[in-house]
1. Provide the packing ranking of 559-572, 511-524, i.e. peptides ordered by the mean count of other C-beta atoms within 10 Å per residue, highest first.
2. Cα to Cα, under 18 Å, and not fewer than 8 places away if on the same chain: which lysines meet these conditions relative to Lys501?
3. Give the Kirkwood hydrodynamic radius (Å, one decimal) of region 92-172, defined as one over the mean of 1/r across all pairs of different Cα atoms.
4. Thinking of region 187-340 as a set of Cα atoms, what percent of all their pairs are more than 18 Å apart?
5. For region 458-545, what value does the Rg/Rh ratio take when both radii are computed over Cα atoms and Rh is the Kirkwood radius, given to two decimals?
6. Between beta-carbons, use under 9 Å as the cut-off and find the net charge around Ile704, counting Lys and Arg +1, Asp and Glu -1.
7. What is the sum of charges, Lys and Arg at +1 and Asp and Glu at -1, for the other residues whose Cβ falls under 9 Å from the Cβ of Pro112?
8. Restricted to Cα positions, what overall size does region 549-633 have along the principal axes? Three whole-Å values, descending.
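The values are calculated or read from the model by the stated rules, or taken from the named source; none is laboratory data. Source: prediction; values computed, not measured. Note: ideal-geometry Cβ built from the backbone for every residue, glycine included; neighbour counts use all protein chains shown. Surface accessibility is based on the protein's heavy atoms, side chains included, excluding ligands, DNA and RNA. Shrake-Rupley method; radii C 1.70, N 1.55, O 1.52, S 1.80 Å.
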Amino acid sequence: MTKTAKIVYTKTDEAPALATRSFLPIVQSFTKSSGITIETKDISLAARILAAFPDFLTEDQKVADALAELGELAKKPEANIIKLPNISASIPQLTDAIEELQSKGYKIPSYPDEPKTDAEKEIKTRYDKIKGSAVNPVLREGNSDRRAPKAVKNYARKNPHSMGAWSSDSKTHVATMSAGDFAHNEKSVTIADATNVKIVHTDTNGAQTVLKDNLALLKGEIIDATVMSKKALLDFLDREIKDAKAQDVLMSLHMKATMMKVSDPIIFGHVVRTYFKSLFEKHATTFKEIGVDVNNGFGNLLENLEELPTAKREEIEADIKTALENGPDLAMVNSDNGITNLHVPSDVIIDASMPAMIRTSGQMWNAEGKQQDTKAIIPDSSYAGVYIATIDFCKKHGAFDPTTMGTVPNVGLMAQKAEEYGSHDKTFEIASNGKVEVIVASGSVLLSHAVETGDIWRMCQVKDAPIQDWIKLAVTRARASQTPAVFWLDKNRAHDAELIKKVNQYLPNHDTTGLDIRILSPIDATNFTLERIKDGKDTISVTGNVLRDYLTDLFPILEVGTSAKMLSIVPLMNGGGLFETGAGGSAPKHVQQFIKENHLRWDSLGEFLALAVSLEHFAIVNNNEKARVLGETLDDASDKLLENKKGPSRKVNELDNRGSHFYLALYWAEALAKQTKDEELKTEFSKIYAELSANEETIINELIDCQGKSVNIDGYYYPNEDLVSNAMRPSKVLNNILS
Ligand SMILES: NC(=O)C1=CN([C@@H]2O[C@H](COP(=O)(O)OP(=O)(O)OC[C@H]3O[C@@H](n4cnc5c(N)ncnc54)[C@H](OP(=O)(O)O)[C@@H]3O)[C@@H](O)[C@H]2O)C=CC1
Ligand SMILES: O=C(O)CCC(=O)C(=O)O
Ligand SMILES: [Mg+2]
């Protein structure tokens, strides 16, 4: 066993971070005697902000750049990281977090929306690195292996979650572009020899602007470039907004403004401005004066209105009311508080929002808080077809049946900022008509697009080594689970055509005898997979980075009710392990409920599953048999937790996240006491098991009695550590046993 052997447990945001305050003490207590160090790294939004501004802080306020440290660690063989979901901050979230920190005495600068001086520009650059999906791409130095463990699948079969019925006359549908979008304009090449490129915009007078210089490309790397035409987008939106009104369905927009942090907020802004066209025409000057930027959502307009004199504000508010009456009804995020789908770009995120809609009879919520059929606008058509096919399937066959349906594990190409999700530093809103070219040092042009003012141009990359690793992982999973594997690639799409060449080149390096491996376009793959899951058959989806994200919410949410119960492993390319806890996010709604009534409905099963594989990995790497026993018994405990239905309830005054952690500890101790592989662990945990089980009733009472009243943790993004820890550990008896 090496001296430095450790597991790094990330401290993140919102519900998972609350859960950590209760679960981590259990983990530390259970692993202590086995020579396993559990180290925490704070990569919460607040800590990442503080780490970026040491020059604005006093000595004792400064924090280390934990994310940078973890990014380095992820490239080393000894990496063993447990990664909980974190906030990928939209601008409204970022500015809220900044304000909270400022109010707590951290003298960090405010976010400069429109930086004028060099100093402001430099501050904005620092904040823009923290914005959006800034954590996952840094840690994901490997490809993704996500699946529902057998126990989770079996549990869902026996205890199906609710599944809204589908009717063949549902008016719900997806609206997507048929020309002029990223999908239709894509061009792609594979780089023959390592080279350097620059991205250059040339206007109609021949004046050149270098958008990006010195971009190093490796041999065998696939690059692609594409453009979303602003004109085509606006035409499309105009048509679809009118159509939603005509069809009397809700209008909803589904984007990934967090991961696609440059392109998608721009598109979001166009949707808001198109929906409220008359309002924006009439008040253009005022909106400019008060700095309205609806790329950050319609909520930005409402906030800025507060600056106006009462008469003007009331006039605009009346015009907003009229616009809402004249337009189609908007899908609501929170009908009680009048929060629409267009308010905040991070409220409705496509990977989770589309499956939630499909699970709810294809409906979203209207202003009266009732379900209604919906037009789901997904402007770019690259992946929208997957949802179109799924919705058509449900209209034809009715809702899926969780008691009989098969499962769809995913092998996702993700390493080293693969594809679209790594494109934000090469995405540009075009300043004037002309062309954008990717040019090699020798001067030859690799890719070229004609562009117009306001178009969104972007370039993506995926390196050869991650592709080879992904293909290997697909074969390994197909072999290990004896399940057919489908590469979701469309030979008619430029990028996919290049990737298909690689699949055909590298697959023969592996023994695929007896395996069913095929390549199908995303729409064909959806239909093939849906037919099979309906009949109870399993199919591995082998996809690029975006479909990895979409499908690992879509199928789990249909199959087991949530993506929180997924095993989500990232075998790092240099030999380490990154263990993501579930495939979902940080569930902001759960924090609201916790603050209001001291009940946390967050389900930590993803944490339990991730820790078990992390311990197994630790055992192998460090030759630590105790870690193996701890991992195996933890899995046994998770199985028993499911069997005995000790997951958290959604309702106050019932077992919540903390109570669920108690049962996990009880069953884990029991399994350790019963095992015969390690006598020391057996002796140690027989005693702990006896104490936990003798005090079960007292502890559970303590964990339930504290509920039903509001709780103060002094903050949302950077709560007071003592308050939050006390709130998450209200059982004195349990705390004593653990210590
Ligand atoms: N890996 C990562 O770091 C990821 C981070 N995110 C971030 O998470 C935030 C929220 O994203 P969003 O799109 O709303 O997705 P979420 O997955 O956080 O939330 C969607 C819904 O899923 C349910 N849910 C998710 N996880 C759990 C859990 N462990 N236990 C119980 N229920 C759960 C909740 O349903 P209900 O309300 O019915 O209880 C929740 O409201 C954003 O800031 C986003 O950027 C998103 C995805 C991945
Ligand atoms: O990094 C993010 O913002 C989201 C990640 C995500 O949704 C996923 O990997 O499933
Ligand atoms: Mg996701």
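1. Result, highest mean first: 559-572, 511-524.
2. Lys187, Lys219, Lys463, Lys472, Lys491
3. 18.0
4. Tail of the P(r) past 18 Å holds 69 percent of the pairs.
5. That ratio is 0.97, to two decimals.
6. -4
7. Neighbourhood net charge equals 0.
8. 46, 30, 22
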